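The values are calculated or read from the model by the stated rules, or taken from the named source; none is laboratory data. Not measured: the values here are computed from a predicted model. Heads up, the Cβs are rebuilt from the backbone with ideal geometry, glycines too, and the neighbour counts pull from every protein chain shown. Each accessible area value is taken on the protein alone, full model and side chains, heavy atoms only, with ligands, DNA and RNA left out. Shrake-Rupley method; radii C 1.70, N 1.55, O 1.52, S 1.80 Å.
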Amino acid sequence: MARRRKGEAVSGWVCLDKPLDLTSTQAVGRVRRAFNAQKAGHAGTLDPLATGILPIALGEATKTVPFLMDSRKTYRFTIAWGATTASFDREGQVTETSDARPARAEIEAALPAFVGEILQIPPAFSAVKVDGERAYDLAREGVELELEPRPVMIHRIAVTDHPDADHVELELECGKGAYVRAVVRDLATALGACGHVSALRRTAVGSLTEARAISLEMLEDLCHRGARPEALLPVETALDDIPALALTTEDAFRLTQGRSIVLLPRQAEALKASLTEGSRTVAAFEGERVVALCEMRAGRLNPVRVFHL
């Protein structure tokens, strides 16, 4: 007999404004306990020194995590000039110092080289796996790492403030797998300076922005007062960029049974036109309820992930 999972069958997304000095795992744990949810996960780690948008999935929403993981992310961060650290942020041990203080014009002139698809070497203190182990675990043990460069997409980077000679604030919009600390490392090298991240805030993940975010304290207060729905976004929040198909009750039932459905020619054509290049994923809905994530092939929808809502 299967063991019953502890907690309640709560499903949806929380757009958490993660506070400083809290790990992503700790944040997920607190949200899960606040909702007494059976299952929880997050879409994109934030370091303890970082604040901002941490999307947390509860219950059936965990099936949509990859879609937010792949979405664009926006960061606002500050570089402190004068010292490079082992982790390229303020938590690391200083490894090199310099008197160089790049002017705003110099910084802005260097930024175009960091826009577009670029090759980036992840920082040693990162979640990249090396022979099955996390790079940051090996780095903390003093293991010398030579991580391979990998392509990442930087959509936009710009200076937003230059309060003094020792600091500059920038905003960056990027795709999956890009590291702000690696951008700072490489930008400092290009400018012949030493620098590290002194402040970092994620301001958007896909459609989840600061305007939709809730603090941990407010969330826990709502849950304590029995107003949990006010802090919960629907499961389909992560599917904004996925083509949607409205189903009949009969077709919805077939998909929930794991069976495929045949599309009408006009449905197939409309979906083909809305699919992004290389994708076959379609979100199937019955009314306002998402029923399944499907793969479209040869005029049929085959269920890949079925939602039990």
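Values for this structure:
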quantity: Residue in the range 44-59 that is open to solvent by 20 Å² or more (accessible area, probe 1.4 Å), acidic (Asp, Glu) and more than 30 Å from Val306 (Cα to Cα) present; calculated: yes
quantity: Criterion: modelled with pLDDT of 90 or more and of a type in the set (Ser, Thr, Tyr) - qualifying residue of Thr249, Thr276; calculated: Thr249
quantity: All positions within the range 10-52 that are at positive phi and in contact with a strand residue (DSSP E or B) (Cβ under 9 Å, 6 or more places away or on another chain); calculated: Gly12, Asn36, Gly44, Gly52
quantity: Condition broken by Met153, with the remaining ones in (1) modelled with pLDDT under 70; (2) assigned to a strand (DSSP E or B); (3) of a type outside the set (Asp, Glu) satisfied; calculated: (1)
quantity: Some residue of the range 2-20 being within 30 Å of Thr189 (Cα to Cα) and modelled with pLDDT of 95 or more; calculated: yes
quantity: In the range 250-275, the residues that are loosely packed, with under 10 Cβ neighbours inside 10 Å and in contact (Cβ under 8 Å) with a residue 24 or more places away in the chain; calculated: Pro265
quantity: In the range 156-186, the residues that are assigned to a loop (DSSP other than H, G, I, E, B) and more than 15 Å from the chain's Cα centre (by Cα); calculated: Ala165, Asp166
quantity: Neighbours by Cβ (under 6 Å, 6+ apart or cross-chain): first from the range 209-222, in contact (Cβ under 8 Å) with a residue 60 or more places away in the chain; second among the acidic types (Asp, Glu) and open to solvent by less than 80 Å² (accessible area, probe 1.4 Å); calculated: Ala213/Asp17; Ser215/Asp17
quantity: Tally, over the range 276-309, of residues that are open to solvent by less than 60 Å² (accessible area, probe 1.4 Å) and either free of Cβ contacts under 8 Å to residues at least 40 places away in the same chain or within 18 Å of Glu250 (Cβ to Cβ) (or both); calculated: 17
quantity: Of all residues making up the range 281-309, the number that are among the basic types (Lys, Arg) and under 21 Å from Glu60 (Cα atoms); calculated: 2
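Conditions tested, residue by residue: (1) of a type in the set (D, E, K, R); (2) open to solvent by 30 Å² or more (accessible area, probe 1.4 Å); (3) in a helix (DSSP H, G or I); (4) under 19 Å from His224 (Cβ atoms).
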site	(1), (2), (3), (4)
Arg5	yes, yes, no, no
Val10	no, no, no, yes
Asp21	yes, yes, no, no
Gly29	no, no, yes, yes
